[in-house]
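Below is one structure, written out as structure tokens; the observations come after it.
The values are calculated or read from the model by the stated rules, or taken from the named source; none is laboratory data. Source: prediction; values computed, not measured. With ideal geometry, Cβ positions are generated from the backbone for all residues, glycine too; neighbour counts draw on all protein chains shown.
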Amino acid sequence: MLIYDPAFDPSHFVFRLLLILSKVANSTIELDKYRIIDFYLIYPIALTNFRAPGTSFKELKRDLKATESKYNAIKNPVPHFMKVEILQRAAINHVTALGFLYKDKLDQQILCRTAKELPEALNERLLSATTNLTSIEEFILGDILDLPLLGSDGLKARSGLIEHKYDAI
């Protein structure tokens, strides 16, 4: 049986990268922040381990746990997170080579969109995707994306996916 998994589809990585960049101010995001957000878009069930601020997430977390099964459960998300890094970096390099990301910013661990226009069909698809987000995707691309990356209450610390103890704040 052949099963499709967006976690291993290079085109899906490129699309999610452009979707995430379309949701951030100045189309600029830290590389590690992108990696975490992208991981949660691929594996929203991994949010059950996320330490979210406030109480707005409790209901979504309860819904996520209700959909958890032995087929989609992720007991330890860190190995999965590390596994998808190769494809995330390949997508970033591809988009950079096409001229949609600044290479000099990438060297500084920052993803920043250039002014180069995307093809019209892709723009339409991104617009359609942003208007048809699920409540979990809205939470990821809204509340979680708005969190700072660093600090004890930052995205790294709350997700537990990347070491944060030695970050300069």
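Select, from Gly154, Gly160, the only residue that is in contact with a His (Cβ under 7 Å, 6 or more places away or on another chain) and not hydroxyl-bearing (Ser, Thr, Tyr).
Working: Gly160 fails: in contact with a His (Cβ under 7 Å, 6 or more places away or on another chain).
Only one candidate passes the filter, namely Gly154.
Considering the stretch 84-118 alone, what residues qualify as being surrounded by 16 or more Cβ atoms within 10 Å (Cβ to Cβ), outside any strand (DSSP E or B) and either at positive phi or β-branched (Val, Ile, Thr) (or both)?
Across the stretch 84-118, the qualifying residues are Val84, Ile92, Val95, Thr96.
What do you reckon, is Glu85 among the acidic types (Asp, Glu), out of contact with any strand residue (DSSP E or B) (no Cβ under 6 Å at 6 or more places or on another chain) and at pLDDT below 75?
On the way: among the acidic types (Asp, Glu): yes; out of contact with any strand residue (DSSP E or B) (no Cβ under 6 Å at 6 or more places or on another chain): yes; at pLDDT below 75: no.
In short, no.
Answer with yes or no whether Phe39 is on the phi < 0 side of the Ramachandran plot, in contact with a Lys or Arg (Cβ under 8 Å, 6 or more places away or on another chain) and assigned to a helix (DSSP H, G or I).
no
Lys83 - would you say it is in contact with a Leu (Cβ under 8 Å, 6 or more places away or on another chain) and among the basic types (Lys, Arg)?
Values: in contact with a Leu (Cβ under 8 Å, 6 or more places away or on another chain): no; among the basic types (Lys, Arg): yes.
Against the criterion (in contact with a Leu (Cβ under 8 Å, 6 or more places away or on another chain) and among the basic types (Lys, Arg)), Lys83 does not qualify.
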